[in-house]
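In what follows, a structure is listed as structure tokens, so that the remarks can point back to it.
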Amino acid sequence: MKKLSVIIGVILFFSTTAIINAQPGLGLGIPGQGNPGQGGGAGAVQGDDSGETSHGVEISIPTVALVDVEGPGGNEAGTINLSPDVSSLEAGSAIDFSTATDQSLWLNYTSIIGSNQDSRNITAEISGSLPAGISLKLSAGSISSGKGARGNSAGEISLSGTAKNLVTGIGSGFTESGHQKGHQLTYALDMDDNIYTNLSAGNYEVIVTYTITGN
């Protein structure tokens, strides 16, 4: 996933105040830079400078919407494997597809919302074909860390080619970055027994895409 660093730079421009000191001979009737004999006072201060000055500082805050999925050891998320446990299956028993789960991945995000925006959501969708009768379920646990970006889990969703809300109500803030930061993701398989006869053994791969809304 692409990461972005945002640097806010402030450039300050300072004006100097020039002070002109009285020179010898100003108004004293002796050689110097003044006119001899004119009141004996100091030379005049030049320009519009005074004992105080000011300038403007413009600060720009960008909108930010970043999402990432982290795996164990601080690595970017790779391919996970879901397969039901058939090691103790007896003849005549149904395969328990709910044993095919994975909780190794964590959802991270950073958000700064616009002044006219209430919140953001994170959606999930898949591309590719699932085995006949199999559903791929996904849920995001309660947020475990972070500042401000208190997104709410939308509960378990059944992934399809249509984007569905997974986390809602994200404001300005961040989850922190890395494994065991943000929301823990749980993947699980579900089987429709009415379509069991259409199921074929094999390896199937789908791609899960996460999107944070309101970029």
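The values are calculated or read from the model by the stated rules, or taken from the named source; none is laboratory data. Remember, it's a predicted structure, so these values are computed and weren't measured experimentally. No Cβ is skipped: glycine too gets one built from the backbone with ideal geometry, and neighbour counts run over all protein chains shown. These area figures cover heavy atoms from the full protein model, side chains too; ligands, DNA and RNA do not enter into them. Shrake-Rupley method; radii C 1.70, N 1.55, O 1.52, S 1.80 Å.
Go through (1) modelled with pLDDT of 55 or more; (2) surrounded by 10 or more Cβ atoms within 10 Å (Cβ to Cβ); (3) touching a strand residue (DSSP E or B) at 6+ places or on another chain (Cβ under 9 Å) and name the single condition residue 89 misses.
All conditions are met except number (3).
Could you list, in sequence order, all residues of segment 101-120 that are assigned to a strand (DSSP E or B), surrounded by 17 or more Cβ atoms within 10 Å (Cβ to Cβ) and not aromatic (Phe, Trp, Tyr)?
107, 108, 110, 111, 112, 120
Report yes if some residue within segment 159-181 is more than 17 Å from residue 68 (Cβ to Cβ) and surrounded by fewer than 13 Cβ atoms within 10 Å (Cβ to Cβ); otherwise report no.
Checking segment 159-181: at least one residue is more than 17 Å from residue 68 (Cβ to Cβ) and surrounded by fewer than 13 Cβ atoms within 10 Å (Cβ to Cβ).
Would you say residue 98 is assigned to a loop (DSSP other than H, G, I, E, B) and modelled with pLDDT under 95?
no
Which residues, taken from segment 178-213, are among the hydrophobic types (A, V, I, L, M, F, W, C) and free of Cβ contacts under 8 Å to residues at least 60 places away in the same chain?
201 - this is the single residue of segment 178-213 that is among the hydrophobic types (A, V, I, L, M, F, W, C) and free of Cβ contacts under 8 Å to residues at least 60 places away in the same chain.
Yes/no matrix, rows are residues, columns are (1) open to solvent by less than 60 Å² (accessible area, probe 1.4 Å); (2) part of a loop (DSSP other than H, G, I, E, B); (3) more than 21 Å from residue 83 (Cα to Cα):
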residue	(1), (2), (3)
122	yes, no, yes
132	yes, yes, no
144	no, yes, yes
186	yes, no, no
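Output the residues belonging to segment 188-215 that are among the charged types (D, E, K, R), open to solvent by 90 Å² or more (accessible area, probe 1.4 Å) and over 19 Å from residue 162 (Cα atoms).
Of everything in segment 188-215, just one residue is among the charged types (D, E, K, R), open to solvent by 90 Å² or more (accessible area, probe 1.4 Å) and over 19 Å from residue 162 (Cα atoms), namely 193.
Going by the structure shown, is residue 122 within 20 Å of residue 188 (Cα to Cα) and at pLDDT 95 or above?
It is true that residue 122 is within 20 Å of residue 188 (Cα to Cα) and at pLDDT 95 or above.
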